[in-house]
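Below you'll find the structure, written out as structure tokens, and then a few comments.
Quick note: the coordinates plus some simple rules give every number you see, no bench work behind them. None of these values were measured; they are calculated from a predicted model. Backbone-built Cβ (ideal geometry, glycine too); neighbour counts: all protein chains shown.
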Amino acid sequence: MKYAIAAIALSVSCSAFAADPLTFDFKDPKGVNNVVFKLDAPLESINGTANGISGSVTLDPENPQQTTGKIVVETKSLTVPNPMMLEHLLGDGWLDAAKYPEISFEVKEILGAKKDGDSGTADVKGTFTLKGVSKELTVPAKVTYLPGKLADRTGGQLQGDLLVIRAKFQIKRSDFGIKPGEHLDKVSDDIELSLSIAGAAPKKS
Amino acid sequence: MKNAFRSLAIALIAGGFLALAATVAFWALSGANSGWTKTYVEIHKIDPITEIAYSERVERFIPGVEILGAGILGGSVCILAGVVILKRQKP
């Protein structure tokens with residue numbers, strides 16, 4: 001009986017110290033989180049950014065293969081320096097921001113996760129949705145877990161952890177039905193996307 | 001009447017040079033932007049906690065080459081008009 005009680009006590013204490021998955025919220029009112037997109041066509045290069053980022057990722061730092069989540073970019077937040085180009089970009093001929101207000105990536109599977117201290121790399125398999133069309137993509141990502149750094153970011157108002165995700169990948173606009181085969185001399189079919197985002201997981205008091 | 005035209009011509013020439021000089025000075029002192037006029041600038045920053053590179057938009061008027069061109073063209077037209085009037089006044 002004594003050994004049974006000791007065994008139960010040991011398992012309870014072990015589970016208390018095991019890491020619970022943390023949910024990181026990527027909504028950033030400061031506008032630091034951003035996606036950079038680049039199109040390099042023979043006659044024109046287009047560079048733009050988007051910072052209307054939201055979504056969440058649930059991660060167990062001890063078990064990164066179990067990561068789930070979804071990152072959402074508000075289509076209206078995409079911007080390019082030229083106002084005329086921006087009007088076309090968001091218009092119904094191209095991204096149709098009014099009809100398709102969100103661009104998203106939903107995590108399905110983590111492959112080849114490698115940890116190096118509080119950082120790690122992995123291939124993230126998921127569903128990328130753009131202009132209402134969803135495609136399976138595998139994206140290489142670098143993740144940095146910053147325990148206790150939320151206080152530094154919020155001036156001490158909140159305690160918690162940060163998760164920084166960096167990813168760079170390429171898509172083809174034709175795969176998502178965005179004027180396939182048209183204007184290739186000025187608007188490249190290949191779009192390079194660079195994601196730099198930080199999510200916060202406040203500690204529950 | 002002759003004096004009025006002469007005065008007009010001198011005013012046009014002087015005004016033309018003034019407009020030309022003012023436009024060039026305004027454009028040069030605003031950063032000599034070789035692109036189109038901008039109404040904002042992007043300041044690149046790095047977040048000290050996450051080390052994420054991002055841009056902050058700051059509203060600022062920066063004249064571009066089309067304003068420079070319009071000022072030079074307008075000033076030149078005034079100067080030319082004044083010279084033409086002066087030449088026509090000569091006996």
Assuming a viscosity of 1.002 mPa s and a temperature of 20 °C, what translational diffusion coefficient in µm² per second does Stokes-Einstein assign to the protein assembly as shown, Rh being the Kirkwood radius over Cα pairs? 90 µm²/s
With respect to the cross-link table entries A:K149/A:K203; A:K135/A:K172; A:K114/A:K168; A:K99/A:K125; A:K108/A:K179, which display a Cα-Cα separation exceeding 19 Å? A:K99/A:K125; A:K108/A:K179
Rank B:V83, B:G15, B:F26 by how far each Cα sits towards the positive end of the charge dipole of chain B (+1 on Lys, Arg Cβ; -1 on Asp, Glu Cβ) and give me just the farthest. B:V83
Return the average number of partner chain Cβ atoms within 10 angstrom of each residue Cβ along peptide A:75-82. 1
Around A:G112, under 15 Å between beta carbons, what's the net of Lys plus Arg minus Asp minus Glu among the other residues? +2
Given H placed on each backbone N at 1.01 Å, which residues far from A:T49 in sequence or on other chains put an amide H within less than 5 Å of it? A:F37, A:T79
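Compute, for the protein assembly as shown, the length of the dipole vector about the Cα centre, with Cβ point charges of +1 (Lys, Arg) and -1 (Asp, Glu) only. Units Debye, rounded to 20.
The dipole of the protein assembly as shown has a size of about 1260 debye.
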How far is helix A:2-17 tilted off the main Cα axis of chain A, in degrees rounded to 10, range 0 to 90? 30 degrees
